[in-house]
Amino acid sequence: MAESRQTRQKRILEESVSSFTSNFDAEELLERANQKDKKIGIATIYRYLKELRNTNEIYSYQCGGKTIYSNTKKTHCHFIDEESGEIVHFDIDNLDFLKEKIKGDINSISIEVRGKFT
Ligand SMILES: [Zn+2]
């Protein structure tokens, strides 16, 4: 039996999301999905991303005024130079220091550190 249009679109979206090895945004996902099916629109992309967020299959972060997504990274950290507004990303390898501060299961973490670049 042939795949229904909906099943096909969902499969393409799944494949497109898992093809990203780093952060992506909705437009980048749309572009990748459109390589396989031009009929997939931005509304479908947003609906799908929301679904994945609700089931904790992807993480979302605010980055430079944009919402970005990741299917692997649980943390997204900024060090911001207060003079220039320039953002540098950094990673945290060990989150143990938070475990004693937070009662509950941690899903994802965003950190914004402000200061002056040296
Ligand atoms: Zn960022």
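The values are calculated or read from the model by the stated rules, or taken from the named source; none is laboratory data. Please read these numbers as outputs of a predicted model, since none were measured by experiment. Cβ placement follows ideal geometry from the backbone for every residue including glycine, while neighbour counts extend to all protein chains displayed.
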Open item on the list: I'd like the full set of residues that are of a type outside the set (Lys, Arg) and surrounded by fewer than 16 Cβ atoms within 10 Å (Cβ to Cβ), limited to the stretch 38-59.
Closed with: Gly41, Ile42, Ala43, Tyr46, Glu51, Asn54, Thr55, Asn56, Glu57
Task: Cβ pairs under 8 Å, 6+ apart, first in the stretch 82-94 and over 17 Å from Arg114 (Cβ atoms), second within 12 Å of the ligand (Cβ to nearest atom) and assigned to a strand (DSSP E or B) - done: Asp91/Thr75; Asp91/Cys77
Task: Residue count, the stretch 88-117 (criterion: aromatic (Phe, Trp, Tyr) and over 23 Å from Tyr69 (Cα atoms)) - done: 2
- [ ] Considering only residues that are among the aliphatic types (A, V, I, L, M) and touching a Gly at 6+ places or on another chain (Cβ under 9 Å), look in the stretch 58-90 and name the one that is farthest from Glu27 (Cα to Cα).
- [x] Ile80
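Quick one: is Ile106 away from the ligand (no atom under 13 Å from the Cβ), among the hydrophobic types (A, V, I, L, M, F, W, C), in contact with a strand residue (DSSP E or B) (Cβ under 8 Å, 6 or more places away or on another chain) and not assigned by TED's automatic domain parsing to the domain that holds Ser16?
No.
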- [ ] Could you tell me which residue of the stretch 59-84 is nearest to Thr7 (Cα to Cα), considering only residues that are modelled with pLDDT under 95 and more than 13 Å from the ligand (Cβ to nearest atom)?
- [x] Asn71
TODO: Go through Gln6, Gln35 for me and flag whichever is surrounded by fewer than 16 Cβ atoms within 10 Å (Cβ to Cβ), at pLDDT 95 or above and either in contact with a Gly (Cβ under 9 Å, 6 or more places away or on another chain) or not basic (Lys, Arg) (or both).
DONE: Gln35
Open item on the list: Please go through (1) in a loop (DSSP other than H, G, I, E, B); (2) under 23 Å from Phe20 (Cα atoms) for Ile111 and return the number of the only condition it doesn't satisfy.
Closed with: (1)
